[in-house]
Each structure stands twice: as structure tokens, then as C-alpha cells.
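Here is the structure we will look at.
The values are calculated or read from the model by the stated rules, or taken from the named source; none is laboratory data. Here the structure is a predicted model, which is why all the values come from computation and not from measurement. Cβ placement follows ideal geometry from the backbone for every residue including glycine, while neighbour counts extend to all protein chains displayed. All accessible areas refer to the heavy atoms of the entire protein, side chains included, with ligands and DNA or RNA removed. Shrake-Rupley method; radii C 1.70, N 1.55, O 1.52, S 1.80 Å.
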Amino acid sequence: MPSQIIIAPEDRVFVLTGAGISAESGLPTFRASDGLWEGHRIEDVCTPEAWERNPGLVWEFYSARRDSAWRAQPNPAHFALAQLEANLGDRFFLCTQNVDDLHERAGSRRLLHMHGELARSRCQRECGLPPVEDRASYRDIGEVGFCACGGRLRPHIVFFGEMTLGMDQIEREIARATVMLVIGTSGSVYPAADFVRWARRSGSRTVYVGPERPLNAEAFSHIVEGAAGEILRGLFGGGPPKLS
Ligand code: BV8
Ligand code: ZN
């Protein structure tokens, strides 16, 4: 049985998740698909240039991602984090790099999607109007709607080269956390890959859960190798955290 981690009454837990936590729900990770996302090069579907060049291809890609995400179900790792949130209340904060909605469907609420959400679209003109709920799959760019200002709607996704979301809140939560738990992320994409180093600098215990050592392994005080769905349940024991 993997070691358990103590969470004392004065502890605050910051959790960061990546594609690995959704692997057991059947959603492919980025590493697994050898740098190709469902057969597409990142440059063709997830950069501002790609959007300018061919918004139809970008919408085809994210429509396919929407379809597979809506068909997927949360797995025991998602539920274990929702349980931990229920136990710790405001001593818990969850930041995810994932754009799927499996954390929400498992019951997580104190959650921030730093790379955006599949379930929303926003105006490409950044006119200031907030993102809108949009779970549709578009077969053709002609089907995609427009913002009230006339701008075309784009996926509410952080493309490479674009600023990540909620960084002020993330920096605040990392600064006041005493334990950082990182689950299922290879540590290859920034600034998320640096969070563990920020946590280490502010004296937090840093724990990684995943079947492979991440690229930022040096910054973790504990590495628990294994699948999140198996490890997390054991780690928290499902009931109130007996992390002694
Ligand atoms: C920015 C949304 C600046 C889209 C995403 C050179 C050096 C350093 C940085 C850079 C650089 N050149 C460019 C950069 C910056 C760039 C970057 O980091 N590039 C990398 C490739 C080097 N970063 C950016 O562009 C960021 N923006 O820097 O802006 C700026 C500043 C001011 C003003 C304007 C701009 C934006 C990055 C966000 C891009 N969007 N997602 C979408 O999802 O479709 S990133 C996307 O890829 C994901 O969100 C995630 O972040 C990343 C994939 O990583 P992981 O989630 O870790 O997945 P991966 O497959 O790699 O690993 C899975 C892991 O799970 C594995 O370790 C595996 O072992 C594990 N696993 C498998 N099964 C399980 C498991 N774990 C547990 N249980 C299991 N069962
Ligand atoms: Zn607009």
C-alpha cells in the first residue's frame, strides 16, 4: 500500500491535475498520442495563428474533443478529489490544466480551469463579453455562432502563446498552501510545470501521483508511482482524510 500523506488541521491543500487524471475515463493524454492530438499537430489546432489561418479546422478539432469528453465519465480519482474537497472545505483548492468537465461532474466546486473549458465559447474579438455555455459540435464553420458584437465565437481554450487564466488567484492559493498534490501531468507545459517549484520555495510539501516520473520530478518531496484512480482512493481512504 503506498505511503499516506499527513494532512493536519492547519494544512491547506493545493491540487494541480493534468491529462493523466482523465486517462482512466478513456480520454487520451497528450504524451500517449505522441505529440499529435488525435492526428493533428498542435501548431494546426491550438495556436492563435492556427485560428487565424483555419478556424474551421480548429472548430473541427474541438468539436471532436467535445464529443469524446461528453461521452466520458468521471473516474475514482475525480471522485476522491471531490470527497477531499468536501472534507477540507476552504482548505482545498483545485487547479486543472484539463479542458474536460469531469472534475465538475464528480462534484468538484473549488476548481479553476487554467487552460480553458470545452463547454464554453467566447468572442474572438475579446470584446469583453463573458464566455458563453456552448456544448455543440460544429461540422462546418458556417454553423458557428457570433457574439453580440458581431465577432465570431472561438473555443474558450488557452492556445499556446496565450496567457493562462486565473494566474492571480493561482499564485495566491499556492502561496497560502502547505501541501501541493500534483496528479497526472508530465511537467512539460509552462507556467503549470513551475507551480511545484513555487510551492517548494514557499515551504510546502509537494507530492506527485502518476505512473511515470514527471519532467519536474526534482521538485517533489514525495512521488507515488501508479494510476491516479487506484492511488488516490487509497491515499485518502475515501472517507475523511486519515493522512497521518
Ligand atoms: C504562455 C488547452 C505566455 C488546449 C493547453 C519554452 C520553454 C518553456 C515554455 C515555453 C517554451 N516555449 C513556449 C513556451 C510556453 C508554452 C509551453 O509551455 N510550451 C511547451 C510545449 C514547451 N506555454 C504556453 O504557451 C502557455 N502560455 O506561456 O503565455 C504569455 C505571457 C504573457 C502574455 C501572453 C502570453 C499556454 C500553455 C497552455 C496551452 N493549452 N491546453 C487543449 O487542451 O486542447 S496545454 C495542454 O497540454 C494541456 O492543458 C496540458 O497543460 C498540456 C499537456 O500536458 P499534461 O496534461 O501533463 O499531459 P501529458 O500527456 O503531457 O502527460 C500526461 C501525464 O499523465 C504523463 O506524465 C503520464 O505519466 C500521466 N498518466 C497517464 N495515465 C495516468 C497518468 N497519471 C495518473 N493516472 C493515470 N492513470
Ligand atoms: Zn464580442
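Quick rundown of the values:
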| quantity | calculated |
| --- | --- |
| From GLU60, GLU52, residue being more than 21 Å from ASP11 (Cα to Cα), part of a helix (DSSP H, G or I) and either without any contact (Cβ under 8 Å) to a residue 24 or more places away in the chain or among the basic types (Lys, Arg) (or both) | GLU52 |
| Residue in region 113-130 that is farthest from ligand 1 (Cβ to nearest atom), counting only those that are charged (D, E, K, R) and open to solvent by 60 Å² or more (accessible area, probe 1.4 Å) | ARG125 |
| Among residues of region 131-175, those that are of a type in the set (A, V, I, L, M) and within 16 Å of ligand 1 (Cβ to nearest atom), counted | 6 |
| Which listed residue is surrounded by fewer than 18 Cβ atoms within 10 Å (Cβ to Cβ) and closer than 17 Å to HIS113 by Cβ, from GLU173, GLU143, GLU133 | GLU133 |
| Enumeration of residues in region 99-111 that are open to solvent by 10 Å² or more (accessible area, probe 1.4 Å), touching a residue at least 12 places away in the same chain (Cβ under 8 Å) and not small (Gly, Ala, Ser) | VAL99, ASP100, ASP101, ARG105, ARG109, ARG110, LEU111 |
| Residue satisfying all of: in region 16-67; among the hydroxyl-bearing types (Ser, Thr, Tyr) and modelled with pLDDT of 95 or more; farthest from ligand 1 (Cβ to nearest atom) among these | SER63 |
| Residue satisfying all of: in region 46-98; touching a Ser or Thr at 6+ places or on another chain (Cβ under 6 Å) and hydroxyl-bearing (Ser, Thr, Tyr); surrounded by the most Cβ atoms within 10 Å (Cβ to Cβ) among these | THR96 |
